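Reviewing the structure listed below.
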Amino acid sequence: MNDTLYGKSVASAANIRAAEEKAIAAGVTEDELIDKAATELAEEVIRRTDKRGKILFVTGGGNNGADGLTSAKKLSELGFSAAVMPVGDKNSPRNEELIAGLKRSGVAFTDKIERGYAVIVDCVFGIGLSREPSGEYARAIDEINASGALVIAADVPSGLDADTGYAYSHCVRADVTVTFTAVKSGLLLGEGRNYAGEIIVANIGIDFEATGRIIDEFEAVLPPRRPVSHKGNYGRVRVIGGSECMPGAPLMCFESAVAASRSGAGLVTLCVPDCMKAAYQSRVTETMLKFLPSENGKLRFDETALAELADGANAIVIGPGMGKGEDNYKIVEWLIRNYNGTLIIDADGLNALSLNPSVLLAKKCEIILTPHVAEFRRLCPEFDVEKPRTEIIRTFAKRYGVCLAVKSATTVVTDGEAVFFNVTGTPALAKGGSGDVLGGMTAAFACVLPPLAALKAACFHFGKSGERAAKRLNTVTSVLAGDVIVEIKYAE
């Protein structure tokens, strides 16, 4: 994801429609808005090709099609070889007039996409699509994808839901999307990033109400370390997890603790089942170790032990590698009701919490939840993994008074009021252990920042650390959690 999106506003389709209606009511004509969008679209085409390359505009019957027809006219007048392929027989009167004018001026028209075009501009559907494209529309989308040309989508790739990023079975796979006014949330969520390609935001001069903002580097700044300071100034973190029943559990829990230490926490203690002393004592060198009561290879609820580890801790992470122990919910519940620092619940801690999310209403501490989309679905059954809606995420956080990061290619971060989108990262992070690293980073940052600021900074720097690891190793396949931890040293 290009860093030019950092700090950009994100909006829903409804908010953009409302903004356009407001602008028109204030005296801006629809033709003026179309002309501005067409100009931005034409300029992007010019940046991607020259007058030797053939350009095809595939247009629908609404305003998205009008943007394309007007852009084709502008490019033709500049001497570019621009052709048009209208799709469907339901053109608006404006589009019929534009088509007639283009034909009079000698612009070529076609009814089939063949190879040989340098650029194809998708202007079939705009932000209003709500059903599966079919018939002539489906055929046009499939031909665009099979063309071999550079594909530029106007506003949103045709076949992609502008709000949720749900991709219908016929969906344009764009190389570039020129989106007007603001980034549409569907370009970031769901399957959006698989279909949008590079996202260019084109300002056409209308005011709008944003639903959120993309996190930038200025929101991810950590407080500087003072020359005269000690470990107590940078927080005490406890990481609770591990289970004999999960072969990789020692590594998961350990990585979370090391990530916290690498991210600046003053003192990190790894709290694991006492039945796993041998597994940890030979490996753990960078953090403190504390052994907790266990039974059948899993953590056992012990109020005295929990009270002891919670005492003096600025932040606690619970969940990495815990497995599905019978006492997991009791442990999570006790911390929610009794701990008074910042509690980060992740992984198996979230699975335990899903048994009774309403216990969050009894919290004594600040709480940060870091579920991936499937884990969030278990916490919030009305959430649709394939059609994620930010309002459902925000409402959940507000209802329970928590900070929440719902992890995916784009992570949605909210405290129930403001909504932020994190776009840093790489497919290299789609691997077990990555979430444990984020949990540790979040805990360290929560020792020196308020919960929402800590969560935003952690998500941003976690993604950047993954990007650096993938670049250093020249792969998005072979990056391990430990490789990401090495790169945290630059997260300042």
| note | For the chain, longest principal axis from Cα atoms; helix 434-446 axis from its Cα atoms; angle between them, nearest 10 degrees, is 70
| remark: On the formula 1/(1 + (r/R0)^6), with r taken between the Cβ atoms of Ala18 and Glu43 and R0 of 35 Å, the FRET efficiency rounded to 0.05 is 0.85
| Restricting to region 3-211, what percent of DSSP beta bridges are antiparallel, rounded to 5? | 5
| query | Is region 103-242 best put as rounded, prolate or oblate by its Cα gyration tensor, with a ≥ b ≥ c the root eigenvalues, rounded for a/c under 1.5, and otherwise prolate when a/b is larger than b/c, oblate when not? | reply | prolate
| For region 217-490, what is the relative contact order in percent, using Cα pairs closer than 8 Å and at least 6 residues apart in sequence? | 20
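Rounded, prolate or oblate: which fits region 3-211 when a ≥ b ≥ c are the square roots of the eigenvalues of the alpha-carbon gyration tensor, with rounded for a/c under 1.5 and prolate only if a/b beats b/c?
Working: a/c = 1.45, a/b = 1.21, b/c = 1.20.
In terms of gyration-tensor shape, rounded.
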| Gain in length, Lys231 to Ala362, computed as 0.36 nm per residue apart minus the alpha-carbon separation, to one decimal in nm? | 44.0 nm
| request: Any chance you could list P(r) for the chain, counting all Cα-Cα pairs in 10 angstrom bins from zero, rounded to whole %? | output: 4, 19, 25, 20, 14, 10, 6, 1, 0
| field | Rounded to the nearest 20 debye, dipole of region 3-211 from Cβ charges on Lys, Arg, Asp, Glu | value | 540
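Please state the relative contact order of the chain as a whole percent: Cα pairs under 8 Å, 6+ residues apart? The partial results should precede the final answer.
Details: 1134 pairs, mean separation 62.4, N = 492.
In percent, rounded to a whole number, it is 13.
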| query | Going by a ≥ b ≥ c, the root eigenvalues of the Cα gyration tensor, does region 217-490 fall in the rounded group (a/c under 1.5), the prolate group (a/b larger than b/c) or the oblate group? | reply | rounded
| message | I'd like the per residue volume of the convex hull spanned by the Cα atoms of region 1-79, given in cubic angstrom. | response | 132
| Relative contact order for region 360-492, counting Cα pairs under 8 Å that sit 6 or more residues apart, in percent | 20
| field | Of Leu98, Ala430, Leu309, farthest towards positive along the dipole that unit charges on Lys, Arg, Asp, Glu beta carbons give the chain | value | Leu309
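Computed from the coordinates by the stated procedures, all read-outs in this text should not be read as laboratory data. Because the structure is predicted, anything quoted here is derived from the model rather than measured. Backbone-built Cβ (ideal geometry, glycine too); neighbour counts: all protein chains shown.
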